[in-house]
Amino acid sequence: MKRRKDVDEFKVVEGVIDPPTMKVLYKLLSRGTLSEIHGAISTGKEANVYRGIDTDGNSVAVKIYRVSTAETDFMLEYITGDPRFKRVRRQNRSLIPQWAMKEFKNLKRYHEAGVRVPKPIDIERNVMVMEFIGINEQSLAAPLLKNTEIPDPVKTFDKIIGMIQKGYTKAGLVHADLSEYNILWSEGPVFIDVSQSVLLGHDNAKKYLFRDIQNIINFFKKLGVETE
């Protein structure tokens, strides 16, 4: 497949793709991680996710973290003290690539532990390429759990609690922002947005763990699930 380099169509319209990020995209295109980039799958305060195509013609997800407009104060709570990132600076140009790398490393830990997350593929500064989570292998992006008609809420609740437990015991991580807004549904739950996930040695790891569990309990109680 011929590699396309017409990423100029994105520009700065969505507040994400500034000139330095354009250079990062060109680098990922030139080294063969991507061959095409298409429209946005999701948009958020921290990052936008686009659908891309790799050199084999497969869909991938391209997460572009905001740099110029990012609010970084909350990030320090989750990254300060992480032994994987010893020199944390407050400046956006320095912190955002570390934040992106933190999500990449967390995805890798979750994936290797058998917790269902998008498989990380490549990263360059504030751009991460990962597995595209779709619907029944179609090109349609999987919906959030909150927008899903869950076929078996009781079974799904148990599955998610099991994923939290496996993340804790096998990956050594606490998601720290888990809710129906950070879980996709693709023939089952898929955890996403793990940039804030912390190692078990984090001072607030247990607090975040209890908060994650309570968020899931609250959501499934609304669906009539007995969670006690």
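A short reminder: the numbers here are calculations on the coordinates, not readings from a lab. This structure is a prediction, so every number in the text was calculated from the model and none was measured. In this analysis, Cβ positions are derived from the backbone assuming ideal geometry, glycine residues included, and neighbour counts consider all displayed protein chains.
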In whole angstrom, the spacing between the Cα centers of region 49-68 and region 121-161 equals 15 Å
Quick calc, the chain, dipole around Cα centre from Cβ unit charges on Lys, Arg (+) and Asp, Glu (-), nearest 20 debye, gives 900 debye
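Can you compute the FRET efficiency between E77 and S30 using 1/(1 + (r/R0)^6), with r the Cβ-Cβ distance and R0 = 30 Å? Round to the nearest 0.05. Let's see the in-between values first.
Working: r = 36 Å, r/R0 = 1.20.
Here the calculated transfer efficiency is 0.25.
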With label points set 7 Å from each Cα along the Cα-to-Cβ direction at T227 and K159, the distance between them in nm comes to 1.8 nm
Low-density loop GluC sites (Glu not before Pro), region 37-79, at most 15 other Cβ within 10 Å, DSSP non-H/G/I/E/B, are E71
Residues H202, H38, H175, H111 in order from fewest to most other beta-carbon atoms within 10 Å are H38, H111, H202, H175
About its Cα centre, region 99-228 carries a charge dipole, from +1 on Lys and Arg Cβ atoms and -1 on Asp and Glu Cβ atoms, whose size in debye to the nearest 20 is 400 debye
Extension length gain for D56 and F85 (0.36 nm per residue less Cα distance), in nm, is 7.1 nm
Assertion target for F104, F132, ordered by fewest C-beta neighbours within 10 angstrom first, is F104, F132
Placing each pseudo-label 7 Å from Cα in the direction of the beta carbon, T169 and D203 end up separated by a distance in nanometres of 3.0 nm
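Would you order S59, S197 from fewest to most other beta-carbon atoms within 10 Å of each residue's own beta-carbon?
Working: S59 20, S197 28.
Fewest-to-most Cβ neighbours within 10 Å comes out as S59, S197.
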Residues whose modelled amide H sits under 5 Å from the amide H of I135, counting only those 5 or more places away in sequence or on another chain, are L140, A142
